[in-house]
There are 4 protein chains.
Amino acid sequence: MSLLDRYKSVRNYTAQICAPLQREDYVVQPIVDVSPPKWHLAHTTWFWEEFVLSKFKQGYKRFHPRFAFLFNSYYNAVGERVLRLHRGNMSRPTLEEILDYRTYVDRHMEVFIQSMPDETAAIVELGINHEQQHQELLNTDIKYILGHNPLFPPYRIDFRETEINETDHSFLDMDEGIYSIGHSGKGFSFDNELVQHKVYLNSFSIRKSLITNGEFIQFMRDGGYQNSDYWLSDGWAWLKENNIDAPLYWHKIEDAWNRYSLSGLELIDPLEPVTHISYYEACAFAEWKKMRLPTEFEWEAASAHLEWGKRWEHTSSAYLPYPGFTKAVGAVGEYNGKFMVNQMVLRGGSIVTPRGHSRSTYRNFFQPNLRWQFTGIRLCKK
Amino acid sequence: MSLLDRYKSVRNYTAQICAPLQREDYVVQPIVDVSPPKWHLAHTTWFWEEFVLSKFKQGYKRFHPRFAFLFNSYYNAVGERVLRLHRGNMSRPTLEEILDYRTYVDRHMEVFIQSMPDETAAIVELGINHEQQHQELLNTDIKYILGHNPLFPPYRIDFRETEINETDHSFLDMDEGIYSIGHSGKGFSFDNELVQHKVYLNSFSIRKSLITNGEFIQFMRDGGYQNSDYWLSDGWAWLKENNIDAPLYWHKIEDAWNRYSLSGLELIDPLEPVTHISYYEACAFAEWKKMRLPTEFEWEAASAHLEWGKRWEHTSSAYLPYPGFTKAVGAVGEYNGKFMVNQMVLRGGSIVTPRGHSRSTYRNFFQPNLRWQFTGIRLCKK
Amino acid sequence: MSLLDRYKSVRNYTAQICAPLQREDYVVQPIVDVSPPKWHLAHTTWFWEEFVLSKFKQGYKRFHPRFAFLFNSYYNAVGERVLRLHRGNMSRPTLEEILDYRTYVDRHMEVFIQSMPDETAAIVELGINHEQQHQELLNTDIKYILGHNPLFPPYRIDFRETEINETDHSFLDMDEGIYSIGHSGKGFSFDNELVQHKVYLNSFSIRKSLITNGEFIQFMRDGGYQNSDYWLSDGWAWLKENNIDAPLYWHKIEDAWNRYSLSGLELIDPLEPVTHISYYEACAFAEWKKMRLPTEFEWEAASAHLEWGKRWEHTSSAYLPYPGFTKAVGAVGEYNGKFMVNQMVLRGGSIVTPRGHSRSTYRNFFQPNLRWQFTGIRLCKK
Amino acid sequence: MSLLDRYKSVRNYTAQICAPLQREDYVVQPIVDVSPPKWHLAHTTWFWEEFVLSKFKQGYKRFHPRFAFLFNSYYNAVGERVLRLHRGNMSRPTLEEILDYRTYVDRHMEVFIQSMPDETAAIVELGINHEQQHQELLNTDIKYILGHNPLFPPYRIDFRETEINETDHSFLDMDEGIYSIGHSGKGFSFDNELVQHKVYLNSFSIRKSLITNGEFIQFMRDGGYQNSDYWLSDGWAWLKENNIDAPLYWHKIEDAWNRYSLSGLELIDPLEPVTHISYYEACAFAEWKKMRLPTEFEWEAASAHLEWGKRWEHTSSAYLPYPGFTKAVGAVGEYNGKFMVNQMVLRGGSIVTPRGHSRSTYRNFFQPNLRWQFTGIRLCKK
């Protein structure tokens, strides 16, 4: 597919994700981590305007003088911005104005891509990947918005969060030795996947299936949320402060566990992979199960043999720079590097990761208490 | 006007206030004190359903089984409710559904009023007054929502917050003696205006005009916001914690003071009454001016001689029960009495108080730090 | 008694209150309202140095250049000060140094008083009353420090918090009419008791006895802490946030209510007056009892006929200036006036109020949630 | 030295550290991370009582039934405990009672050690190392208590925080390859140093000297605290929220930088190693210097060639389990493992680390914002 076609296709898919929404759903921000869909639509558009059109397209006139201020997410280098926690207070610009903004930028981008200089291909590629990341966030943020509404409205009644259940609980054995970790540099990757380097691993065994709802219910029945022995100290404090006693979106209704999914409130299927689990919960479960999470290096070494892509899989690795990591100069350099503290790495991809976006070297990362992503658990023995 | 006509007229006016809004404006709640317009539309409708239709109209079927839960504001006696601070997270029900709710309830109310028993007139009267209170809040909340949007969109470009400027700065002298305070009991009043009782007042002098923007700017130039001597201890702490150095909605742009009004961002007119002033600021200004705020009793005693109704006027009286005050039985008893602590009384009315809603015995009340209402300052000597 | 003798006697009594303490008890500040005893010893001494010696005693040299900074409590006019919430972090100066400070200042004060000019008598009188206020606080703060220690050490095993139990539950009837309220101006009073003025009161009946522990237990058994109907809205929020379900210092041990008193942990006597009650609790109790708290004016009007002085008695009056109230010029003007918001008036005195300190016009005041003072409840009918 | 002599010597050294303190210094807890010295004295004693005497000494009678509750630090497995943030509110037990407690436990321990079974040697060894860790904390906590007192009292005027200045700024080159990391298992180590395992390292260069005050002042002069480019996102938020613009204990006095050291307030020596630096500051400095922090593995691989032990050296490694790490069963298992999230590893030792306590495999760990330990910076190139 040509870059132009890929651009069009990605931009179009963003709009498609929003199609089932009511206008009011575009506006709200129930917690700081969840952005209003309206904001995602504008921010991804701003990215093109800020890093491509206003830099490389001669004579480009910005759509609106204040939009850079409104829709910058976290790039300190390109000036002041609306605080993340106030995104949900902005009723204006309206959805209509933002859709006009998208059309305006798309028109300019489509012309630009057709005759752009070679050196801009990398930033366009980054923009496509950036927009795909926000497509995943759109899905998870919409789920949070609807799933925390007291009326529990479905997003799309035909949405299936699980396509195939987990059945093969056997383990894959991996040998001790030196493994090559990180992206080769051919084709697109984020800077945090670089530089490819050697890592020495002990032998280990990793399970082929993800942990299921049924297994997690066993943990709960065995007092998993009540026994501090299983928990990291910070995890136990988090659980106590937030009265956590089940995965996110789970509701006990007339003695049966239900969960809100994008198709609405449903009884839990014990064979589906458990989802919306924080790192703290994943660690506690592993401790209870007398196993452990893989490191991100073990995960990557084994990935060719695993069916991954259903849930973002927790690893026991903190999000840190690889040897030889360097930040790009300027605002794009703020993309990844400055978040390399206090977060844990997740590997793989999820049911709402855009097709083709992830790869075995991809490093996702979140704070250990967060649960609104489609996260899951895979365990190691030894 | 018949009760039915008054009902229709009030309900219609609520819709009229919202007419200039965009759909997105109906949803947001930038601070806990400001409710989304969508919520006001639903809550005022719920009041009729809860306290009139479901109690007195035989066979009435509620529009939606969950709406009582969603749109109860603070009546503990009628069951659980959505926390006030989460109103802005509820994208559903949509505006359209809420307008349907209004139509449904109006249809039933209009039938009901035409043949209702005499003993329900009081609760219908209360409902009308309740909706008028929310009309004022709609105006102030809309102002907050738009006035805190970085684009400063006007509400209605023809809206005049001040009709006549303040010019007669002379004082009215009132004699020492016993005054009758509170509502006589004839015609409608809120329970907090009862029982009429005697109050002994010393002689005092009260200014005929409100404090103007020009006078307030003098206070600011004289270091009013920098000198702790003028401030109550709690006021000084509030100022320091929130970096307060001007009235709400004031912005210094190129060395000139502007303010956001419902018609947009405008240069300040020194002859208009200063507005959006907290009790703390009103006290500091009075201290600087070597005068004082009136008590609510002084205000009421002098009210027949004053041109009031432009701004809610701060008094130095705490909001407390009058002698002989009793709460109504049941949820309606939660209307006023349970707020009688930690608030100060304001008297009069404002440019956005519905015509005919207020009277000289009316007691409005807010916490001393709040500023989003159309408040103003009138001073006493002696 | 001569002023010199009164000075000596008051200063000596402060030391006497501290006599049963261990050195460690002087240092801690478990909550922001409770100051370390060491701080009280120093702050009362600083008052003499700041407002008397350094102003009126020629050639007086301060004991230590930094002590004014360390031991100023809230007087903005005399320069910066250690934040109130950090008093408990100051291990230095040591108790010994503070006792030296007291001796030094006493030596100078005793010389000064013997030959002081007439116009300084008022400030010396104020200093004596100021130190007496801190004597009461020393008692209540020591109770808080020891009563919140997990070992519950007694302060003095022979301390009796109640000398006579409540027995006469009859009511005193007071006539409607004009009463004179406030201090006559003869003899010492605080500025907040001035100016004497007329208040019109309806007829009312006030109970001769305070509410007892036994009566309060009835309220508790009747679900008083579980029923929002009885509570002010802010009171209910306070109760929920702090999990309040009994008066301060009460502990249920093997199904019996105990309370920590200054003589240690003891079974509760149902005939003693209930103590350590917040305004919120007092209001809820009154509501449950279908009675009400007196206003501070009713209390004062009836005071000659009541046996008061056992507990600080809650009134339904907010702490506000009397007609004609004026603040003194300078730092002494910060004594009372700047606290006249968000607090309620208490009248009478308590078991730990120094003898002769209070009077029937005395106005004590606290925030409505506070409970560490020896407060109690007296009710009115009608 | 025999185990008994080592026990005596360590216990004695704890007392020696406290010798210069005033009684009041033993009580306070200015921030949650800093414990009162009194608490350290008791907690280290409780460790012996809880994990040795009450488990292994037949007929041992605890000194006081409530002390386990009072002086447990974080071991959930041995029952409830006083919340860490309330340690500074406990005036009782007094210092004297705690010294009696120490004497009582020492008496029993000294008898016990002389005839103890072999299998208890490990827990005694752990207790000795545990007490040494608290000796370091005693030093850093005392520094915080005195260094945040407005009088800046010295701890010991002859205390030298720096024995030798930093002069050799050359770099040590290390080869690419497999290195053995972690403790061999011979002799004492903490569980977090196990299991020894292979790590593959790229070649790197590490500086022989620590970063000096002089170098750090250059960073400050170059706007290091004002430029978000140098900072991790969380670090920048921390800096903004806490108004950080210099290392902890630094004070600008008449245009010269001073710092509080254990010998008092002194002018800064540019050749001394910069100290009391958070991980965030260390990262920002490295970014500014266009270098980086070593990983803990690089540090350990190079350690034989470095003069370490002056300051705890920040590494870029998160505190995570080594391959094969297992927690001990029971309360002792809570020693390290449950803290393995949200913390960064520091290596080496500091001027207040007890002699012989640390080693090249030792892993210290703190949250990235903390500064009250004697931390420093060593950088890598490449």
The range B:119-176 and the range A:152-180: distance between their alpha carbon centers, rounded to Å:
58
For D:A15, inter-copy label distances in nm, listed shortest first [label point 7 Å out on the Cα-Cβ vector]:
3.4, 8.2, 8.8
Euclidean distance between Cα centres, the range A:87-106 to the range C:4-57, Å:
64
Label position 7 Å from Cα toward Cβ: report the copy-to-copy distances for C:I31 in nm, one decimal, ordered from shortest.
2.6, 2.8, 3.1
Zone residues, the range B:302-318, relative to B:Q196, backbone N less than 18 Å from point 7 Å out along Cα-to-Cβ
B:302-305
Which order do you get for A:H305, C:H314, C:H251 if you rank them by accessible area with a 1.4 Å probe, largest at the top?
A:H305, C:H251, C:H314
Expressed as a whole percentage, what fraction of the accessible surface of the protein assembly as shown belongs to carbon and sulfur atoms when a 1.4 Å probe is rolled over the protein heavy atoms?
50
Which shape class, rounded, prolate or oblate, goes with chain D when its Cα gyration tensor gives a ≥ b ≥ c as root eigenvalues, a/c under 1.5 marks rounded, and past that a/b bigger than b/c marks prolate?
oblate
Among beta bridges that DSSP assigns inside chain D, antiparallel share in %, nearest 5:
95
Just grab the label-to-label distance for C:N243 and D:N12, each label 7 Å out from Cα along the Cβ direction, in nm (one decimal).
4.7
Please give, to one decimal in nm, the separation of the simple spin-label points placed at D:H169 and C:Q218, each 7 Å out from Cα toward the Cβ.
8.3
Which order do D:L232, B:L151 take when ranked by solvent-accessible area (1.4 Å probe, heavy atoms of all protein chains), largest first?
B:L151, D:L232
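Taking each residue of A:299-306 in turn, how many C-beta atoms of other protein chains fall within 10 Å of its C-beta, and what is the average?
Values: counts 0, 0, 0, 0, 0, 0, 0, 0.
If you average over the peptide's residues, the count of other-chain Cβ atoms is 0.
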Quote the total accessible area buried by chains A and B together, excluding ligands, DNA and RNA, probe 1.4 Å, nearest 100 Å².
2400
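What average number of partner chain Cβ atoms lie no more than 10 Å from the Cβ of the residues making up D:149-158?
Other-chain Cβ atoms within 10 Å of each residue's Cβ, averaged: 3.
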Inter-copy spacing of B:I178 label points, which lie 7 Å from Cα along Cα→Cβ, given in nm from shortest upward:
0.9, 10.4, 10.4
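Any of A:K240/D:K327; C:K252/C:K382; A:K8/A:K327; C:K186/C:K310; C:K289/C:K338 with alpha carbons more than 32 Å apart? Name them for me. Intermediate values should be presented prior to the final figure.
Details: A:K240/D:K327 23 Å; C:K252/C:K382 35 Å; A:K8/A:K327 29 Å; C:K186/C:K310 25 Å; C:K289/C:K338 35 Å.
Check vs 32 Å cut-off fails for C:K252/C:K382; C:K289/C:K338.
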Assuming R0 = 41 Å, what is the FRET efficiency of B:Q114 and B:I31, from their Cβ-Cβ distance, to the nearest 0.05?
0.50
For the protein assembly as shown, share of DSSP beta bridges that run antiparallel, in % to the nearest 5:
95
Could you tell me the relative contact order of chain A? Use alpha-carbon pairs under 8 Å, at least six residues apart, and round to a whole percent.
18
Looking for one value pair here: nearest-to-axis residue in chain A (by Cβ) for the rotation onto D, and the distance in whole angstrom.
A:A318, 2
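Largest first, how would B:R359, D:R102 line up by accessible area (1.4 Å probe)? Mind dumping the intermediate values first?
On the way: B:R359 45, D:R102 15 Å².
Result, largest first: B:R359, D:R102.
Based on the alpha-carbon gyration tensor of the protein assembly as shown and its eigenvalue square roots a ≥ b ≥ c, which shape applies: rounded if a/c is under 1.5, prolate if not and a/b is larger than b/c, or oblate? Could you put the intermediate results ahead of the total?
Values: a/c = 1.71, a/b = 1.18, b/c = 1.46.
Oblate is the answer for the protein assembly as shown, as a/c is 1.5 or above yet b/c matches or exceeds a/b.
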What FRET efficiency comes out for the pair D:Q367/C:H86, r = Cβ-Cβ distance, R0 = 25 Å, nearest 0.05?
0.65
Three-way shape call for the range A:265-319 based on the alpha-carbon gyration tensor, with the a/c threshold at 1.5:
oblate
Whole-angstrom gap from the range A:247-266 to the range D:201-217, using each part's C-alpha centre
54
For the protein assembly as shown, what is the accessible area per residue in Å² when the probe is 1.4 Å?
40
Need the per-residue list for the range C:192-208: every residue with at least 30 Å² less accessible surface in the complex of protein chains than in the chain by itself, probe 1.4 Å, sorted by number.
C:K198, C:Y200, C:N202
Once ligands and nucleic acids are excluded and a 1.4 Å probe is used, how much of D:W308 is accessible, expressed in Å² to the nearest 10?
80
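Mind listing which GluC sites (Glu not before Pro) in the range D:241-301 are in a DSSP loop and have 16 or fewer other Cβ atoms within 10 Å?
Numbers: sites: D:E241, D:E254, D:E266, D:E281, D:E287, D:E296, D:E298, D:E300; in loops: D:E254.
Answer in residue order: D:E254.
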Give me the distance in nm between label points sitting 7 Å out from Cα along the Cα-to-Cβ direction at B:L3 and C:S263, one decimal.
6.4
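For the range C:157-216, which trypsin sites (Lys or Arg not before Pro) pass both filters: DSSP loop (anything but H, G, I, E, B) and at most 16 other C-beta atoms within 10 Å?
On the way: sites: C:R160, C:K186, C:K198, C:R207, C:K208; in loops: C:R160, C:K186, C:K208.
Here the trypsin sites (Lys or Arg not before Pro) that fit, given the DSSP loop and packing criteria, are C:R160, C:K186, C:K208.
The values are calculated or read from the model by the stated rules, or taken from the named source; none is laboratory data. Just so it is clear, the model here is predicted, and its values are computed rather than measured. Note that we place each Cβ from the backbone using ideal geometry, even for glycine, and neighbour counts take in every protein chain shown. Please note that ligands, DNA and RNA were not included when accessible areas were found on the heavy atoms of the full protein model with its side chains. Shrake-Rupley method; radii C 1.70, N 1.55, O 1.52, S 1.80 Å.
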